[in-house]
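Everything below concerns the one structure shown next.
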Amino acid sequence: MSMIKNVVQGLGVACLALGMNAAMAADKPALKIGYVNGWDDSVAATHVAGEILQSRLGYPVTLQAVEPAIMWQGVARGDLDVTLSAWLPATHGEYFEKLKDKVTVLGSNYEGAKIGLVVPENFAAKSIEDLNDYADQLDGKITGIDAGAGVMRRTEEAIKEYGLNLRLMPSSGPGMATALSRAMKADKPIVVTSWIPHWMFAQWKLRFLEDPKNVFGEAEHVDTVANPGLAAKAPEAEAFLKKFSWSAEEVGAVMLAIRDGASPEAAAKQWIEANPERVDGWLE
């Protein structure tokens, strides 16, 4: 009887602990995370971090896709609690300069972010200044993305600075990737406007053309930027977000899974399940 009593008491304590954990989770504030609409790396990082915040730390999380300007303004105003999609110092530098007194940089979640002209690894040209020698092989064009994108503006500058006999052909992110895929399968040369992190670097062997005139700028970092109120509102969340940082291979794996048909939610959960030690390190 005493043994049964001890078991019952133990179960009672376990149930009480579970009840306390549930109550604690219920008391945690809801968090809103903004990410850049259409940016694959932004989608991947945000869904992985959001899933960890929700499933491991118990925060109700809403993910909101927005344009960059709205994202920065939302974090500054407190409409959004945080974003993991701040490209600095150049791409989002203008937003940061205007709002730096109203936001808190928690740290970099990806180092070595870069924009520029990308080619297959076996393409003969090493530098942007070499491209005129291969203009005929390239059909006289550089395959771009959406007109007006930062990398497109820099490419127009590069064409002038390097005196290239190539036309920049606007397309879209998916359109550029489709053109690249066709060229890779046919083993044909191609130059595309792109950036890293991007899933295509996990799919194919690619490289950036050297840019001796530094038209595309130095490598950047993707930062996690929060509303200053996050520290008091959700200290556990802030501590985790300060530690969250991953490699090109890691973010590339999630982006590639999404590209191959998985939903962002499913791809994030799959990556988290496959990398428990990595996740535990961020939560220590």
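The values are calculated or read from the model by the stated rules, or taken from the named source; none is laboratory data. Just so you know, these numbers come straight off a predicted model, no measurement behind them. Quick reminder, even Gly has a Cβ in these numbers, built from the backbone with ideal geometry, and neighbours come from all protein chains shown. Only protein heavy atoms, including side chains, enter the accessible area calculation; ligands, DNA and RNA are left aside. Shrake-Rupley method; radii C 1.70, N 1.55, O 1.52, S 1.80 Å.
Some observations on this one:
- With respect to the conditions (1) farther than 23 Å from residue 112 by Cβ; (2) at pLDDT 95 or above, residue 158 falls short on a single one, namely (1).
- In segment 97-116, the residue that is nearest to the chain's Cα centre (by Cα) out of those that are over 14 Å from residue 197 (Cα atoms) and surrounded by 19 or more Cβ atoms within 10 Å (Cβ to Cβ) is 106.
- Selection status of residue 175, farther than 15 Å from residue 215 by Cα and either touching a His at 6+ places or on another chain (Cβ under 7 Å) or in a helix (DSSP H, G or I) (or both): yes
- Scanning segment 1-50 for residues that are among the charged types (D, E, K, R) and out of contact with any Phe, Trp or Tyr (no Cβ under 9 Å at 6 or more places or on another chain), we see that the one that is modelled with the lowest pLDDT is 5.
- Of all residues making up segment 199-237, the number that are over 12 Å from the mean Cα position of the chain (by Cα) and within 17 Å of residue 279 (Cβ to Cβ): 2
- Residue check for residue 203: more than 30 Å from residue 78 (Cβ to Cβ) and modelled with pLDDT of 95 or more: no
- Verdict on residue 143 being more than 30 Å from residue 76 (Cβ to Cβ), surrounded by 21 or more Cβ atoms within 10 Å (Cβ to Cβ) and in contact with a strand residue (DSSP E or B) (Cβ under 9 Å, 6 or more places away or on another chain): yes
- Flag for residue 44 being touching a strand residue (DSSP E or B) at 6+ places or on another chain (Cβ under 6 Å), in contact (Cβ under 8 Å) with a residue 40 or more places away in the chain and closer than 19 Å to residue 255 by Cβ: no
- Taking the conditions (1) at pLDDT below 95; (2) in contact with a strand residue (DSSP E or B) (Cβ under 9 Å, 6 or more places away or on another chain); (3) open to solvent by 60 Å² or more (accessible area, probe 1.4 Å) in turn, residue 121 satisfies each one other than (1).
- Residues of segment 117-142 satisfying the condition of being within 18 Å of residue 194 (Cβ to Cβ) and among the polar types (S, T, N, Q): 122, 127
- Segment 230-239, residues that are within 17 Å of residue 27 (Cβ to Cβ), out of contact with any Lys or Arg (no Cβ under 8 Å at 6 or more places or on another chain) and of a type outside the set (D, E, K, R): 230, 232, 235, 237
- Hits in segment 63-93 - residues which are assigned to a loop (DSSP other than H, G, I, E, B) and either touching a residue at least 60 places away in the same chain (Cβ under 8 Å) or in contact with a helix residue (DSSP H, G or I) (Cβ under 9 Å, 6 or more places away or on another chain) (or both): 78, 79, 80, 81, 89, 90, 91, 92
- Restricting the first member to segment 219-239 and to residues that are farther than 19 Å from residue 54 by Cβ and of a type in the set (D, E, K, R), and the second to residues that are modelled with pLDDT of 95 or more and open to solvent by 10 Å² or more (accessible area, probe 1.4 Å), the beta-carbon pairs closer than 6 Å and six or more apart or on different chains are 223/105; 223/108.
- Any hit, segment 97-118, residues being without any contact (Cβ under 8 Å) to a residue 60 or more places away in the chain and either touching a Gly at 6+ places or on another chain (Cβ under 7 Å) or hydroxyl-bearing (Ser, Thr, Tyr) (or both): no
- Per the conditions (1) among the polar types (S, T, N, Q); (2) over 29 Å from residue 259 (Cα atoms); (3) in contact with a strand residue (DSSP E or B) (Cβ under 9 Å, 6 or more places away or on another chain), the sole criterion not satisfied by residue 171 is (2).
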